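**Q** Take a look at the following structure, please.
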Amino acid sequence: MSDEETIGNLVITWCEANAVGQHVTVDELCDQHPELADEVAARIESLQAMQWLTDGPSAEHESDCPFPRHFAEFSNSDEEDSLPDTQLTIEQLMSSISASGLRTAESIQIVKDSLNGNCPKEFAKLLVREKLLTPYQARTFLTGSDEPIVLDEYEILDRIGVGGMGIVYRALHRTMDRVVASKILPREMVDSQEKVLRFQREVKTSAKLRHPNIVTTYDARQCDGIHFLVMEYIAGKNLDEIVKENGALSVSQSVNLILQAAHGLKHSHAQGIIHRDIKPGNLILDPSGRLKILDMGLARVRSTDADVESMILHNLTEAGAVMGTVHYMSPEQALDSMTADHRSDIYSLGCTLFHLLTGSPVYPEKTILKIVMAHQQAGIPSLKDFRNDVPNELDEICIKMLAKRPEDRFQSLSAVIEALESLKLDTCESSVALESPRLERSLVDTKLPETTGHSQSHTLKPSDSKSGSNERGARTNTNLIAFAGMVLVVGLASAFFLWPKVRSVVLQVENEESKVADDLDSSEDSVDASLTSRGNSEDDGEQILESDVAKWVLERGGKVRVESYGGESHFVTSPEMLPPGPLLLRGIYIETTDKRISDEDVKRFRFLKGLQLLNLNHQYLSESSIDIIANLPPLEQLSLMNCQVTDRALRKIVAAHPDLINLGFGNCPVTESGLGEIVKLKQLRSLFLITLPLTYDNFDQFKVLESLEVFYVTWTQLDDNGLEQLSKWPNLKKVAVTGTKVTDEGIRRFREKRPDCILITSD
């Protein structure tokens, strides 16, 4: 098979997956053909661009801005009022905007025509209000600043921050509709061809890192002499911000976060990449509670160029941020960063653990020299000196991580993880009230016991921190303790209402006289709560949690979409990526052929009450399994390629799932009689009929489906006449005819008649 044919098949695979809600990355798609990844990505970008062009802008957004929803959060009166005055005229401002390629002259003229007066600042405010500019973009144009507006395919939305490794912006890929973080590199890093080549080589290696606790590096590009990295954008807060806003975290929260960071670092170390700048500011928490390590994409560049490392420290000093680095720098790295090995990251992680638990650095000195000397010579402080609730074992772990000599520390992240995971901590402990509800939810540990039918008691009591800890940021006041108790009650209530059909949650209060007092300081009694997690039971008391089913699917090589506590959605590809706590299983994708599931395995799905999408392609399931699927609560999407879909089974599926949006099956014994059932699916938007001996005569009945927009009839007997009939279906937006009898002439005529409809062929 030629490269062109392979690329075509890969793009078709992506289209089919995308149409049924399965999001496949280019890296996953090209796993066996990495040399074709760039071309496949370009083809997919073209398809997505065409999709927007054919759909056209909505009536609500008639401007030429393709993705106005990304501007919504910027449009507020405070931002508009903060715009600076300018010496530019309106005409000069309009010329600058159109010359940048950000917006067309026609679109900004429409806004200009609605302006009362001739004030350029008011015009800029109006452009922000109409979502044609973000406040950052408006300020840049008004001041004539040389800050970037458009870099290659990326539109700069806002400036996030600055550090030793460059300036970070939030950006939008204008074709892919993906918000990313874009880091513009200092010129010193790329001021020679040799450095450019090394930078590209090392970033390419780092970009291969794929781990749920590492921010993904997508791309490295150059535009008009500007070199920049494109990375995953995380809408969250870093741990430094969280501690500054809320004080020291609880023991269980701190250990959980450090464990997540340790898992990410373990993965990078296995690939030969040492971070060299682990600190709270480089560990960010996303809205789901998952911690991710920042700046991994440049770690290898730092490790191979002493000049770059010196430049970074210089830039940090200029930005006033060098203190935030040396507070967490190992003794050996301060002496010679080029010789520091993976154990330096372990030291920095220990400093971060100390900070989370106490609210301040290990050595809170006031000058850089004193900080560096303290890390070299001062004694290692004990966590027990700052709070009483730290277990002795955790104190010993932290001290070992902070050993002055690398050989005295843990020798690997695996050893750190093993030590931290051996701790027996109170998983219900909650002593931090965060300003952001999203982060509040992510830090409050709501994990239920995973063993079914088993009660586990936890004693809930105020943190036993020493009074002196308040000086280091720990918060133990009465209001916060009251909040902790309230979080437990609200958390349990939310769990009950979010998953009423999935499990029962029983809260047993051992002391019935206990209550939430107005002044918790007046009561020293603790409240014992017993928490039981129960799955639905249908056969002799058998109980299966949705999290157990999700884990089983992942262990079989499948993928899942789950909804965690609070309604956050996660697409998960490995058991390690499953979020903690109770889960609602929303989507199952099993397409592996080496570990096909059996009819007996399908019985596991009987307990799923919130499932929306089920993809069991190539599992060759029998009709009895189809019966089980037909008895599930109503699905929205179902794909059963190479399964025993008969006329009888299809009738049951349609009857049980009348609101299906996407349906796919193929290589099965269904006949025209069974296909007639599909016309009952009035909400159907996507239909995939693959490898079936069908002609247009079999498809004609589907033209009554007014919602049908995507129609795949690959590897069927469709010919040019049939394709011509499909061109008359007015609502179709995408048709795939790979492997059919359609000729190049038929394709040409279809595209001529239906330029608004994407036609996917084998070429």
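The values are calculated or read from the model by the stated rules, or taken from the named source; none is laboratory data. Small disclaimer: the values here were computed from a predicted structure and weren't measured. Cβ sites come from the backbone with ideal geometry, for glycine too, and all protein chains shown count toward neighbours.
**Q** Can you report the number of residues in segment 383-394 which are among the aliphatic types (A, V, I, L, M) and part of a loop (DSSP other than H, G, I, E, B)?
**A** 1
**Q** Hey, can you tell me all the residues within segment 281-290 that are surrounded by fewer than 24 Cβ atoms within 10 Å (Cβ to Cβ) and at pLDDT 85 or above? Outline the logic, then answer.
**A** From segment 281-290, those surrounded by fewer than 24 Cβ atoms within 10 Å (Cβ to Cβ) are 281, 284, 286-288, 290; that's our starting set.
Scanning segment 281-290 gives Gly281, Ile284, Asp286, Arg290.
**Q** Additional query: Scan segment 178-232 residue by residue and report those that are modelled with pLDDT of 70 or more, among the acidic types (Asp, Glu) and either assigned to a strand (DSSP E or B) or buried (at least 17 other Cβ atoms within 10 Å of the Cβ) (or both).
**A** Passing the criteria: Asp219, Glu232.
**Q** Another question, if that's okay. Take segment 658-667 and flag every residue that is surrounded by 21 or more Cβ atoms within 10 Å (Cβ to Cβ) and part of a loop (DSSP other than H, G, I, E, B).
**A** Leu660
**Q** Continuing with this model, one more query. Are any residues in segment 651-700 small (Gly, Ala, Ser) and touching a strand residue (DSSP E or B) at 6+ places or on another chain (Cβ under 8 Å), and if so, which ones?
**A** Listed by number, the residues that qualify are Gly664, Gly666, Ser686.
**Q** Filter segment 1-22 down to residues that are modelled with pLDDT of 65 or more and either closer than 26 Å to Arg561 by Cβ or among the aliphatic types (A, V, I, L, M) (or both), then give me how many there are.
**A** 10
**Q** Output the qualifying pairs, or none if there are none: Cβ atoms under 8 angstrom, residues six or more apart or on different chains, first residue in segment 707-725 and more than 13 Å from Val735 (Cα to Cα) and free of Cβ contacts under 8 Å to residues at least 40 places away in the same chain, second residue outside any loop (DSSP other than H, G, I, E, B) and hydroxyl-bearing (Ser, Thr, Tyr).
**A** Note: pairs meeting the criteria are Asp719/Tyr696; Asn721/Tyr696.
**Q** Okay, next question. From the list Val645, Val679, which one is closer than 27 Å to Cys15 by Cβ, part of a loop (DSSP other than H, G, I, E, B) and touching a Phe, Trp or Tyr at 6+ places or on another chain (Cβ under 8 Å)?
**A** Exactly one residue qualifies, and that residue is Val645.
**Q** Residue under question is Ile368, and the condition is that it be farther than 11 Å from Ile278 by Cβ and in contact (Cβ under 8 Å) with a residue 40 or more places away in the chain; does it hold?
**A** Here the answer is yes, as Ile368 does meet what is asked.
**Q** Within segment 706-727, count every residue that is hydrophobic (A, V, I, L, M, F, W, C) and either farther than 18 Å from Ile758 by Cβ or surrounded by fewer than 16 Cβ atoms within 10 Å (Cβ to Cβ) (or both).
**A** Within segment 706-727, residues that are hydrophobic (A, V, I, L, M, F, W, C) and either farther than 18 Å from Ile758 by Cβ or surrounded by fewer than 16 Cβ atoms within 10 Å (Cβ to Cβ) (or both) number 1.
**Q** Quick check, is Leu425 modelled with pLDDT of 50 or more, within 30 Å of the chain's Cα centre (by Cα), in a loop (DSSP other than H, G, I, E, B) and not basic (Lys, Arg)? Can you show your working first?
**A** Working: modelled with pLDDT of 50 or more: yes; within 30 Å of the chain's Cα centre (by Cα): yes; in a loop (DSSP other than H, G, I, E, B): yes; not basic (Lys, Arg): yes.
Yes: the conditions hold for Leu425.
**Q** Turning to a different aspect of this structure: Looking only at residues in segment 679-702 that are crowded, with 21+ Cβ neighbours inside 10 Å and within 36 Å of the chain's Cα centre (by Cα), which one is farthest from Thr714 (Cα to Cα)?
**A** Leu681
**Q** Give the residues of segment 275-290 that are within 13 Å of Val326 (Cα to Cα) and outside any helix (DSSP H, G or I), sorted by residue number.
**A** Arg276, Asp277, Ile278, Lys279
**Q** Also: Could you tell me which numbered condition Ile380 fails, if it satisfies all but one of (1) more than 16 Å from Arg409 (Cβ to Cβ); (2) in a loop (DSSP other than H, G, I, E, B); (3) of a type in the set (A, V, I, L, M, F, W, C)?
**A** (1)
Per-residue answers, yes or no, for (1) buried (at least 18 other Cβ atoms within 10 Å of the Cβ); (2) in the same structural domain as Val326 (by TED's automatic domain parsing); (3) part of a helix (DSSP H, G or I); (4) modelled with pLDDT of 95 or more:
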residue: Val362; (1), (2), (3), (4): yes, yes, no, yes
residue: Lys370; (1), (2), (3), (4): no, yes, yes, no
residue: His375; (1), (2), (3), (4): yes, yes, yes, no
residue: Glu396; (1), (2), (3), (4): no, yes, yes, yes
